[in-house]
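Remarks on the structure that follows.
Just so it is clear, none of the values below were taken in a lab; they were calculated from the coordinates. Everything numeric in this text was worked out from a predicted model, so none of it was measured. Note that each Cβ is placed from the backbone with ideal geometry, even for glycine, and that neighbours are counted across all protein chains shown.
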Amino acid sequence: MKLSDAQIERFENDGFLVLPSVFTHDEVDALKSDLPRLFAERRPENFREKESDAVRTAMALHQRSDVYARLVRHPRLVEPAKQILGDDLYIQQVKVNAKEAFSGDVWQWHYDFATHHEEDGVPEPLALNLHILLDEVTEFNGPLVFIRGSHRRGPVPATLDTETTSYPLWVVDREAVAELVAEGGLVSAKGPPGTVLIFGDTLVHGSSINMSPWPRTIFSLILNPVSNALTRYRRPEHQHHRDLGAVVSLADDCLIAGAAA
Ligand SMILES: O=C(O)CCC(=O)C(=O)O
């Protein structure tokens, strides 16, 4: 999949892209079908909500599941990332973020580079976060909310929050959020299953609690240039993978054909 010049320009201006209908229903079904098994596992890669046993984020899925091992090399994710970054990329993080119906918890305002830099010593804010919506995401079930254009400010003040939710995050100060929202406004990243979101390392984003009766499940792959790799090893491997081998795409039908093989 190749991004058009207009899409590249939009990514540069807004800091994100929302691309509907990139993955088919059959492909999304193949990805969702392995989640009950993965979520049932009791292991440190599965972070559960503070107030319940529900999985909030399940990490290192490409090391735990054949279909996710193929997904992280999917050309519809890897090729646009290479087009934007123009470099060899390694797999930094692989996860599914889930928000259970009625209770899925908040992700505070943050940008990913604050964590990548402070925790992992990543030098530059180059990594891309590539999401696939695995459920229909609407304004009701806790969509990601982007502050349009916030990436253009670069890294803004952030502090480590280990209290608010069950996943520690470097959270952006409220003053900075207010200023950025006044400049660029908010956009909620909605769409049918199979929609892809691409956003950069300094784009400020968050998501609110899921009060609706509908679950919200989103796959996330972070790719980072090999030339911009981590320099600190404070977090466990599943939060920042150590294999710096350049990711090579598989065939376009790898999710469905791979399952039959
Ligand atoms: O799943 C969410 O709502 C937030 C995910 C997120 O902030 C991220 O992937 O950086």
- Taking Phe219, Phe102 and counting other beta carbon atoms within 10 angstrom, the fewest-first order is Phe102, Phe219
- Only Lys, Arg, Asp and Glu count, each charged at its Cβ (+1, +1, -1, -1), so figure out the dipole size of the chain about its Cα centre, rounded to 20 debye. 340 debye
- May I ask you to list the residues of segment 103-143 whose amide nitrogen lies under 20 Å from a point 7 Å from Cα along the Cα→beta-carbon direction of Asp161? 103-120, 140-143
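Quick check on the exposure proxy: order Arg153, Arg174 from fewest to most C-beta atoms within 10 angstrom. Kindly include the intermediate steps, with their values, before the conclusion.
Values: Arg153 17, Arg174 9.
Ranked by crowding around the Cβ, least crowded first: Arg174, Arg153.
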- For Arg48, residues with placed amide H under 5 Å, excluding near neighbours: Arg56
- Query: Which far-off residues, 5 or more places away or on another chain, put their amide H under 5 Å from the one on Ala101, with H placed in the peptide plane?
  - Reply: Arg216
- Item | Table column - 3J(HN,Hα) (Hz), segment 220-235, Karplus curve with 6.51, -1.76, 1.60, x for Gly and Pro | 9, 10, 9, 10, 10, x, 4, 6, 10, 5, 4, 10, 10, 10, 6, 8
- With springs only between Cα atoms under 10 Å apart, run a GNM on the chain and tell me which of Ser103, Ser166, Ser33 wobbles the most. Ser33
- Task: Straight distance only, please: which lysines reach the Cα of Lys95 with their own Cα at less than 18 Å, same-chain residues fewer than 8 apart left out?
- Result: Lys32
- Query: Can you give the extra length, in nm with one decimal, that the chain gains between Asp88 and Thr138 once fully stretched, where that is 0.36 nm per residue apart less the Cα-Cα distance?
  - Reply: 14.6 nm
- Item | Calculated from backbone phi, Karplus (6.51, -1.76, 1.60) coupling profile of segment 70-76 in Hz, x at Gly/Pro | 6, 4, 5, 10, 6, x, 6
- In nm, what is the difference between 0.36 nm times the number of residues separating Asp173 and Gln7 and their Cα-Cα distance? 56.7 nm
- Note on the structure: Restricting to lysines and to Cα separations under 18 Å from Lys2, and discarding same-chain partners fewer than 8 apart, the set is Lys82
- Any aspartates and glutamates with Cα under 14 Å of the Lys99 Cα? List them, leaving off those in the same chain fewer than 8 positions away. Glu49, Glu51, Asp53, Asp135, Glu136, Glu139
- Message: Apply the Karplus curve 6.51 cos²θ - 1.76 cosθ + 1.60, θ = phi - 60°, to the phi angles in segment 34-51 and return the couplings in whole Hz, x for Gly and Pro.
- Response: 8, 5, x, 4, 5, 5, 6, 5, 9, 7, x, 6, 9, 8, 9, 5, 4, 9
